[in-house]
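The values are calculated or read from the model by the stated rules, or taken from the named source; none is laboratory data. This structure is a prediction, so every number in the text was calculated from the model and none was measured. Virtual Cβ from ideal backbone geometry, glycine too; neighbours counted across all protein chains shown.
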Amino acid sequence: MPKNSLAPDWLKTPSDSNALALGVWPKHAQRNSSGEIQLAGVSLVELAKQFGTPLYLLDEQHVRESAEEFKRLLELEFNKLGASATVYYAGKAFLSAEIARWMIDSGLKIDVASSGELSVALAAGIDPKKLGLHGNNKSNYELETAVNVGIGTVIIDCESEIGRLQEFAARAGSVQAVRLRVRSGVHAHTHEHLATSHEDQKFGVSLQEAPRLVRLIRECENLEFLGLHSHIGSQIFGFEGFVEAISRLLALHKELLSDGPVPEINLGGGFGVAYVSNETAPTISEIVTALSRAVGTEAERLGIPVPNVCIEPGRAIIGPAGVTIYSVGVIKDVEVDSGNRVETRKYVSVDGGMSDNPRPALYQAEYSARIANRSSDRPPSLCRVVGKHCESGDIVVNNEYLPSDIISGDVLAVATTGAYCWSLSSNYNYLPRPAVVAVTNHRARVIVRGESERDLLSRDAGLSNEFQEGEQ
Ligand SMILES: Cc1ncc(COP(=O)(O)O)c(C=O)c1O
C-alpha cells in the first residue's frame, strides 16, 4: 500500500494494524482468540461494559515488576561500588492510595510534590520517613506540615526554604534531612517544557550559588544536609545528558566534601518510554548500568568515595503499564491537499479527549491506538483520534494507522497512558474524570472512582442544596 503523504516519516504503514507493539503495550496485554484485546486475562470489551468508557486501566503486575526491577538492579550495581541505592517513585506521574502501597510493597520510597500528594501518601498509611517533598514554590503550610509529620526528606529548591525549614524543624524539636536541588545547566534532548535543568527555568539553584546555600544549610542546627539533587528533564532516551549532569554534580559534591559529610546524590528521574512502535526506550537494566557506570567512573576520576545514590523515576515505572479505552463515535473522512495530491485523513472521535490526556496538546506527544473489540483484516487508513472537546487541538492520537473498517461503537484502546494522563486530567467542558481500574491475574477492581456529573455540580456554590455533597 502506498504511504499516505500526510503521515509523518516515522510512521510506517503497518503490515498488521491489529498488532500490539512490544514495549508500547503493557506486558500482559494481548489479543484473545476472538480478536479482543485483553489485559491480564480480562477482555477490554468486558471492562468497557462493566465500568463504562472512557476508562483508565493499569496492568498492576507490570507496574509492580518495573518498580521492583529498578530497586533490585540499582541496589545490585551500587552495592558493587560500595554504595547504597534508593528508588523514589515520582508520585506526580500517577498517585493514588493503591499505587502508593504498590510502591512501598516493592521496596521504593515516594516523592511527593505538594501537600495534596503528601496527603494521599499519608492517608494510604505510608510511613512519612519514606517520603520526599519536592516543589519550586512550597508554601509555609506545606513545609511545616511536612516537618510536623516527620517526612523523610525535603528537597530545597531556593534560599528562602532554608530559613523557613529551620524555623519549623526547631519548633517541632526535630532535625530535618534535606537535599539541595541544583540546575546542572544540562539541556536534556526532550520537549522544551519537559527539560528542567538548563539555566533559563524555574527549578533549583545554580551550581555557582550552591556552595553558599549548602554552607547556610550546614549552619542550621535543625537541618541535616544529605546531598545535591538534579533532575534534568523527562522522556529522555539517551544517557549523554545524565552523564554530563553526573560529572558536574560530582565535581560540586567533591568541593562540598571539604567542609563536611555529603552522603548521597540524587539523580532525579526522566527516563523515557516508547509511546509509538518506532521508538526504542532504554530498558531498566540499561538505565541502571549507564548511571552506575557514570557515577563510578567519575567518582574514581575525582578520587572520592562513590556516594549513595537516589533516583526518582515516574513515567518509566507506570507509563507503559497503562491503557485508556474509549468508545468510538463520529468518524469523518477529511480530504486534505498535501501539496502534490489530495489525501484522506480519517478523524475518529472518541468519548474523552484532552480532559483525560492533555499530553498531545501540551507536548505534541504521540500515542499508539488499536481497535480493542475485534481484529480486522481490512487495509489500514491514516487516522487521527480526536476527543469531544471544543478545541481543534483536542487530539488523543495524532497519527496512527487503524483498520479502514473502524466504525462507531468500536472500543478503542490507547497505549502507554499510565503516566501523566490521570494526574494531568481536567474537567474541561464539564467532563467527569474517568475511573481507574487495576487489572491483575484475571481480576479487575476500581482503584480510583470515576467522577459523575453530580460530583461536579456538587462543588458549584451557586446551586441549591439539592446538589451539595451528601444530599441525594
Ligand atoms: C524532581 C522530579 N523528579 C522526578 C520526576 C519524574 O520524571 P519521570 O516521570 O519522567 O521519570 C520529575 C518529573 O517531572 C521531577 O520533576
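So which residues in region 420-444 are surrounded by 12 or more Cβ atoms within 10 Å (Cβ to Cβ) and either free of Cβ contacts under 8 Å to residues at least 60 places away in the same chain or among the aliphatic types (A, V, I, L, M) (or both)?
Within region 420-444, LEU424, LEU431, PRO432, ALA435, VAL436, VAL437, ALA438, VAL439, ALA444 meet the criteria.
Might you check whether a residue that is within 16 Å of the ligand (Cβ to nearest atom), within 17 Å of the chain's Cα centre (by Cα) and part of a loop (DSSP other than H, G, I, E, B) occurs anywhere in region 239-250?
Scanning region 239-250, I find no residue that is within 16 Å of the ligand (Cβ to nearest atom), within 17 Å of the chain's Cα centre (by Cα) and part of a loop (DSSP other than H, G, I, E, B), so the answer is no.
A quick yes/no check of all residues on (1) in contact (Cβ under 8 Å) with a residue 40 or more places away in the chain; (2) under 27 Å from TYR367 (Cα atoms); (3) away from the ligand (no atom under 16 Å from the Cβ):
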| site | (1), (2), (3) |
| --- | --- |
| SER33 | no, yes, yes |
| ALA40 | yes, yes, yes |
| SER43 | no, yes, yes |
| THR53 | yes, yes, yes |
| VAL63 | yes, yes, no |
| GLU68 | no, yes, yes |
| GLU75 | no, no, yes |
| PHE78 | yes, no, yes |
| THR86 | yes, no, no |
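In region 156-173, how many residues are touching a strand residue (DSSP E or B) at 6+ places or on another chain (Cβ under 8 Å), surrounded by fewer than 20 Cβ atoms within 10 Å (Cβ to Cβ) and closer than 14 Å to ASN137 by Cβ?
2
What's the number of the condition VAL397 fails, among (1) in a loop (DSSP other than H, G, I, E, B); (2) among the β-branched types (Val, Ile, Thr); (3) within 25 Å of the chain's Cα centre (by Cα)?
Looking at each condition in turn, VAL397 falls short on (1).
Starting from region 252-270, take each residue that is assigned by TED's automatic domain parsing to the domain that holds GLN208 and assigned to a loop (DSSP other than H, G, I, E, B) and list its partners that are of a type outside the set (A, V, I, L, M, F, W, C) and more than 16 Å from the ligand (Cβ to nearest atom), counting only C-beta distances under 6 angstrom and pairs at least six apart or across chains.
Every condition considered, the pairs that remain are GLY260/ARG218; VAL262/HIS253; PRO263/ASN308.
Output yes when any residue across region 289-302 is at pLDDT 95 or above, surrounded by fewer than 20 Cβ atoms within 10 Å (Cβ to Cβ) and within 16 Å of the ligand (Cβ to nearest atom), and no when none is.
The answer is yes, given that some residue of region 289-302 is at pLDDT 95 or above, surrounded by fewer than 20 Cβ atoms within 10 Å (Cβ to Cβ) and within 16 Å of the ligand (Cβ to nearest atom).
Kindly evaluate ASN308 against the criterion of being assigned by TED's automatic domain parsing to the domain that holds LEU267, in contact (Cβ under 8 Å) with a residue 60 or more places away in the chain, more than 16 Å from the ligand (Cβ to nearest atom) and farther than 30 Å from ALA48 by Cβ.
Against the criterion (assigned by TED's automatic domain parsing to the domain that holds LEU267, in contact (Cβ under 8 Å) with a residue 60 or more places away in the chain, more than 16 Å from the ligand (Cβ to nearest atom) and farther than 30 Å from ALA48 by Cβ), ASN308 qualifies.
For LEU11, work out the one condition from (1) assigned to a loop (DSSP other than H, G, I, E, B); (2) on the phi < 0 side of the Ramachandran plot; (3) surrounded by fewer than 19 Cβ atoms within 10 Å (Cβ to Cβ); (4) of a type outside the set (Lys, Arg) it doesn't fulfil.
(3)
Filter region 251-277 down to the residues that are closer than 30 Å to VAL414 by Cβ, of a type in the set (A, V, I, L, M, F, W, C) and more than 15 Å from the ligand (Cβ to nearest atom) and list them by number.
VAL276 - this is the single residue of region 251-277 that is closer than 30 Å to VAL414 by Cβ, of a type in the set (A, V, I, L, M, F, W, C) and more than 15 Å from the ligand (Cβ to nearest atom).
Is it true that some residue in region 397-413 is under 22 Å from SER277 (Cα atoms), in the same structural domain as THR344 (by TED's automatic domain parsing) and small (Gly, Ala, Ser)?
Checking region 397-413: at least one residue is under 22 Å from SER277 (Cα atoms), in the same structural domain as THR344 (by TED's automatic domain parsing) and small (Gly, Ala, Ser).
Quick one: THR417 ticks every box in (1) among the hydroxyl-bearing types (Ser, Thr, Tyr); (2) crowded, with 24+ Cβ neighbours inside 10 Å; (3) more than 25 Å from GLN30 (Cα to Cα) bar one, so which box is it?
Against the list (1) among the hydroxyl-bearing types (Ser, Thr, Tyr); (2) crowded, with 24+ Cβ neighbours inside 10 Å; (3) more than 25 Å from GLN30 (Cα to Cα), THR417 comes up short only on (3).
Given the conditions (1) within 28 Å of ASN278 (Cβ to Cβ); (2) over 20 Å from the mean Cα position of the chain (by Cα), report the number of the one that SER33 does not fulfil.
If we test SER33 against (1) within 28 Å of ASN278 (Cβ to Cβ); (2) over 20 Å from the mean Cα position of the chain (by Cα), just (1) comes out false.
Within region 322-356, which residues are closer than 30 Å to GLY107 by Cβ and away from the ligand (no atom under 13 Å from the Cβ)?
VAL323, THR324
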